[in-house]
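Working notes, beginning with the structure itself.
The values are calculated or read from the model by the stated rules, or taken from the named source; none is laboratory data. Quick caveat: nothing in here was measured; it's all calculated off a predicted structure. Counting neighbours? That spans all protein chains shown, and the Cβs are built from the backbone with ideal geometry, glycine included.
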Amino acid sequence: MTSKQIIRAMLVALACLTAASVLAQDSVVLVDDSGQTPQLTDLDKLYIATRLEQLDLGQCQTRILNQQPQVIYRQLTLRHQDKDLFINVADDVMRTRNMVIYTASGKEWREYYDCQYEVLLPALAIIATARVGTTDIGSNNIRQEVLARNTQLSSHEASKLMMRTDSHNPSHPYLDFTLSMKHPLFANWGTLVRQQERAAGLLQGVMPDHQEYLLQMYLAFTGRLSQFLGTRESSPVVARRLNPSLFVRVWRSDEEWFDLGVGHESNGQHIDNLATFQRTEQDHVARGESPDFARDALSRGWDYTYLEWQHVWTSQWYSHLQLRQYLNNGPFQGKSEEYNTWEDGGDVARPRRQYDGVSLGMQYNFNRSRCFLGTAGVCFKKLDLTQETGYSGLFKHNTTTVEFTTDFFGLPIQLWSRTGYGVDLVDYYRYTKSWGLGFELKTP
């Protein structure tokens with residue numbers, strides 16, 4: 001074949017592809033359960049049609065339906081392999097895969113299920129998040145990105161595993177690990193308000209500017225445990241922090257969001273009176289251990305409300321602000337359990353609000369040029385600086401935390417340092433210097 005023939009064949013193929021693309025775009029129709037038509041660009045339609053061309057209905061399970069399925073949230077119609085193909089999706093389809101694919105032949109409706117969801121998922125994201133109306137506020141791309149990364153189990157705070165030491169702790173170093181996850185409730189908030197646009201409209205009435213808002217409710221849990229390897233009898237694991245919380249996250253964009261929530265924080269311990277504390281001290285002494293080990297079993301607990309804000313300023317700079325209010329009597333804890341004067345013969349109350357409640361953090365992300373031994377070798381990842389203080393007597397008790405994280409041949413190695421208060425819930429009022437070296441683990 002000559003070069004002219006090759007070029008001619010390529011042009012013919014391109015013309016056929018263009019014609020097919022136009023036909024594919026024209027055949028793609030999207031409606032929702034209220035009869036409105038969500039807006040799809042020509043590129044959206046082409047992408048959906050191209051994606052569905054990869055779907056092999058022969059690999060799906062199939063059954064005959066007695067009647068046409070109702071539109072459960074949105075229905076997409078298009079030509080697929082010389083058939084009219086219908087796809088019904090729920091508004092939380094990206095998390096639950098709640099969808100129906102069917103074809104019509106006369107009065108017979110055939111449903112297809114157990115299909116290739118990994119092929120369909122990008123198209124489903126466009127179907128579920130396409131906007132109704134002609135407004136150009138917001139972005140489908142932003143909504144798809146937010147939903148794709150936040151409608152399943154994901155990290156809440158950073159999970160960590162490290163060897164750690166504290167200046168006041170008689171058993172050091174010790175193994176310390178934190179696990180923190182969150183999961184959406186009523187995924188894709190429109191399940192509750194029927195349309196996300198309605199919730200967004202309420203927010204736009206009370207919040208500044210004309211941004212699009214996206215809401216999601218979460219249930220989160222953070223747990224911190226410490227194991228004393230070789231420094232105590234039987235190398236016990238001690239609960240340090242158990243922190244369930246419920247919150248609503250409001251995105252203004254994929255780079256900025258607010259959390260409004262309520263939580264309970266305790267250490268899961270049991271000593272709440274002097275007699276039990278003294279007996280526990282004596283038990284440790286009888287085993288040849290320090291009586292200070294008894295402090296690990298002191299009971300601490302609070303309920304709190306909080307507001308959190310995070311913003312991505314550039315690809316390298318993030319900021320984070322959290323404000324907490326600790327409740328004297330909360331819905332989960334009841335009366336808070338704080339410092340008891342009988343613990344060390346003190347005579348002055350030390351409420352948590354004097355040491356904690358206001359937290360401001362900055363994160364700097366290094367670019368890939370900060371690598372040694374190639375981009376798959378040793379790379380600087382990020383540097384975090386967090387400053388905390390109490391909201392009662394602001395800046396009287398200050399805490400500084402520095403975290404330096406590297407990628408060491410694929411391992412997220414972190415060097416961690418903390419100077420100030422809140423070393424754990426038992427000793428939240430003690431000034432302590434702490435260091436740690438280990439791994440920081442995060443999911444999307």
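Results for (1) at pLDDT 80 or above; (2) surrounded by 16 or more Cβ atoms within 10 Å (Cβ to Cβ), shown as yes or no for each residue.
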position	(1), (2)
Asp26	no, no
Asp33	no, no
Glu53	yes, no
Gly58	yes, no
Arg63	yes, no
His80	no, yes
Filtering the stretch 105-118 down to residues that are surrounded by 15 or more Cβ atoms within 10 Å (Cβ to Cβ) and either hydrophobic (A, V, I, L, M, F, W, C) or under 23 Å from the mean Cα position of the chain (by Cα) (or both), which residue is nearest to Phe186 (Cα to Cα)? Cys115
Pairs where the first residue, in the stretch 315-341, is more than 19 Å from Gly357 (Cα to Cα) and modelled with pLDDT under 95 and the second is assigned to a strand (DSSP E or B) and aromatic (Phe, Trp, Tyr), C-beta under 7 Å, 6+ apart: Gln316/Tyr364; Trp317/Tyr364
Identify all residues within the stretch 122-150 that are surrounded by fewer than 19 Cβ atoms within 10 Å (Cβ to Cβ) and at pLDDT 70 or above; write none if there are none. Pro122, Arg131, Val132
Of the residues Leu274, Leu298, Leu307, which single one is in the same structural domain as Leu425 (by TED's automatic domain parsing) and surrounded by 15 or more Cβ atoms within 10 Å (Cβ to Cβ)? Leu298
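The rows are residues; the columns are (1) within 30 Å of Ser154 (Cα to Cα); (2) among the small types (Gly, Ala, Ser); (3) crowded, with 16+ Cβ neighbours inside 10 Å.
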site	(1), (2), (3)
Gln227	yes, no, no
Ser235	no, yes, no
Ala239	yes, yes, yes
Glu256	yes, no, no
His264	yes, no, yes
Gln278	no, no, no
Gly288	no, yes, no
Filter the stretch 220-263 for residues that are aromatic (Phe, Trp, Tyr) and over 18 Å from Leu321 (Cα atoms); which is modelled with the highest pLDDT? Phe221
Filtered residue count, the stretch 91-131, keeping only those that are farther than 17 Å from Arg51 by Cα, assigned to a loop (DSSP other than H, G, I, E, B) and either touching a Gly at 6+ places or on another chain (Cβ under 9 Å) or in contact (Cβ under 8 Å) with a residue 60 or more places away in the chain (or both): 3
So, of the residues in the stretch 35-69 that are free of Cβ contacts under 8 Å to residues at least 12 places away in the same chain and small (Gly, Ala, Ser), which turns out to be farthest from Thr103 (Cα to Cα)? Gly35
Of everything in the stretch 100-116, what is among the hydroxyl-bearing types (Ser, Thr, Tyr) and farther than 17 Å from Ile72 by Cβ? Give them in sequence order. Thr103, Ser105
Among the candidates Thr443, Thr419, Thr405, residue that is closer than 19 Å to Thr222 by Cβ and at pLDDT 90 or above: Thr405
